[in-house]
Amino acid sequence: MATDSGQLLDQPVTGTRRTRGERLFLWGACAAVLVVLVGFAPTYYLKAFFADRALSPLVHVHGLIMTTWFATFFAQVWLVESGNVRVHRKLGIFGVSLAVLILVIGTTTAIVAAHNGASPGPPPLVFLAIPLGDMLVFGTLVALAVAYRKRGDFHKRYMLMASLGILTAAIARIPFLAPGGLPLFFGLTDLIVLGFVFTDTMGKRRLHPAFAVGLVVIIGSQVARFLIAGTPAWLEFAGWLAQ
């Protein structure tokens, strides 16, 4: 989540308009945190009141790291909006380290679950494409954000897309949505992403390239997962990973 003086490149000079421009990202961070809290409340945050099944230490670590990511993302956006760019830069080093941990722990958690035969419905090896796809989306967009850390207009949009693009797992765990299936979960994720992209595009009167790339990565990965998850090539690869 590191940035540089380029963080404010696409923002107007006046303080009021700058706040409005930055507020879209604050609302995005709030939406991400809210979806995660609501989605994982029954199975993680408020698990004692909803479920009796014990979670493995690996799942606890994964949950802690993901929670820290979304809390840090919110803090980073708030720091920029409040003008504390210096603190934002320093916290960015922690954010990048956290992103690497997410990729390692998230990937490991998904593979261990497949190895143990755990799945919310589809065959474990077929389902493995979903969490691994999320890690690929997240890693790609965070890597782009870091690469463009000196271009603030790109950096913050890639970070927003990285966080919103992996909300599918939380959406899938919202009780009244759970029967809807993967197309609904992906669709609601896309609806959230597109809502912020559309709002930004209307305000700027153009689709920002970072948002265009983010949409291709997120939606493209969803289509790819539907296409490959049940193929013999994927099942062979997934079986090798989960053996």
Problem - Single residue of GLY187, GLY239 found to be among the small types (Gly, Ala, Ser), in a helix (DSSP H, G or I), without any contact (Cβ under 8 Å) to a residue 24 or more places away in the chain and within 19 Å of PRO131 (Cβ to Cβ) - result: GLY187
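Return a yes/no flag: does segment 55-74 have any residue that is at pLDDT below 90 and over 30 Å from ARG205 (Cα atoms). Before the answer, list the steps.
Within segment 55-74, the first condition is being at pLDDT below 90, and the residues that meet it are 55.
From the residues that got through so far, the ones that are over 30 Å from ARG205 (Cα atoms) too are 55.
Yes: one or more hits.
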Fill in the blank from the handout: Restricted to segment 159-179 and to residues being in contact with a helix residue (DSSP H, G or I) (Cβ under 9 Å, 6 or more places away or on another chain) and open to solvent by 40 Å² or more (accessible area, probe 1.4 Å), the residue nearest to VAL35 (Cα to Cα) is ARG173
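Each row is one residue, and each column tells you yes or no for (1) modelled with pLDDT of 55 or more; (2) open to solvent by less than 40 Å² (accessible area, probe 1.4 Å).
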| residue | (1), (2) |
| --- | --- |
| ASP10 | no, yes |
| THR14 | no, no |
| ARG17 | no, no |
| LEU24 | yes, yes |
| GLY28 | yes, yes |
| ALA31 | yes, yes |
| ALA41 | yes, yes |
| TYR44 | yes, no |
| PHE49 | yes, no |
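Return the total of residues in segment 70-100 being touching a Ser or Thr at 6+ places or on another chain (Cβ under 8 Å) and either touching a residue at least 60 places away in the same chain (Cβ under 8 Å) or open to solvent by 80 Å² or more (accessible area, probe 1.4 Å) (or both). Walk me through it before giving the result.
Taking segment 70-100 and keeping what is touching a Ser or Thr at 6+ places or on another chain (Cβ under 8 Å), we get 70, 73, 80-81, 85, 88-89, 91-92, 94-95, 98.
Checking which are either touching a residue at least 60 places away in the same chain (Cβ under 8 Å) or open to solvent by 80 Å² or more (accessible area, probe 1.4 Å) (or both) leaves us with 70, 73, 80-81, 85, 88-89, 91-92, 94-95.
So the count comes out to 11.
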Exercise for the section: Note down all Cβ pairs under 8 Å where the first residue falls in segment 135-155 and is polar (S, T, N, Q), the second is assigned to a helix (DSSP H, G or I), and they're at least six residues apart or on different chains. Expected result: THR140/VAL217
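Any idea which of GLY203, GLY214, GLY195, GLY187 is open to solvent by 40 Å² or more (accessible area, probe 1.4 Å) and among the small types (Gly, Ala, Ser)? Spell out the reasoning first.
On the way: GLY214 fails: open to solvent by 40 Å² or more (accessible area, probe 1.4 Å); GLY195 fails: open to solvent by 40 Å² or more (accessible area, probe 1.4 Å); GLY187 fails: open to solvent by 40 Å² or more (accessible area, probe 1.4 Å).
Of the residues listed, the single one that is open to solvent by 40 Å² or more (accessible area, probe 1.4 Å) and among the small types (Gly, Ala, Ser) is GLY203.
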Practice task
Please tell me if GLY230 is in a loop (DSSP other than H, G, I, E, B) and modelled with pLDDT under 95.
Solution key: yes
Practice task
Filter segment 121-158 down to residues that are open to solvent by 30 Å² or more (accessible area, probe 1.4 Å), touching a Phe, Trp or Tyr at 6+ places or on another chain (Cβ under 7 Å) and not aromatic (Phe, Trp, Tyr), then give me how many there are.
Solution key: 1
Problem - Residue count, segment 194-225 (criterion: outside any helix (DSSP H, G or I) and in contact with an Asp or Glu (Cβ under 7 Å, 6 or more places away or on another chain)) - result: 1
Practice task
Kindly list the number of the only condition in (1) of a type in the set (Lys, Arg); (2) open to solvent by less than 30 Å² (accessible area, probe 1.4 Å); (3) modelled with pLDDT under 95 that fails for ARG225.
Solution key: (3)
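The values are calculated or read from the model by the stated rules, or taken from the named source; none is laboratory data. Fair warning: this is a prediction, and the values are worked out from it, not measured in the lab. For neighbour counting, all protein chains shown are included, and Cβ atoms are generated from backbone atoms with ideal geometry for every residue, glycine included. Accessible surface areas use protein heavy atoms only, side chains included; no ligands, DNA or RNA. Shrake-Rupley method; radii C 1.70, N 1.55, O 1.52, S 1.80 Å.
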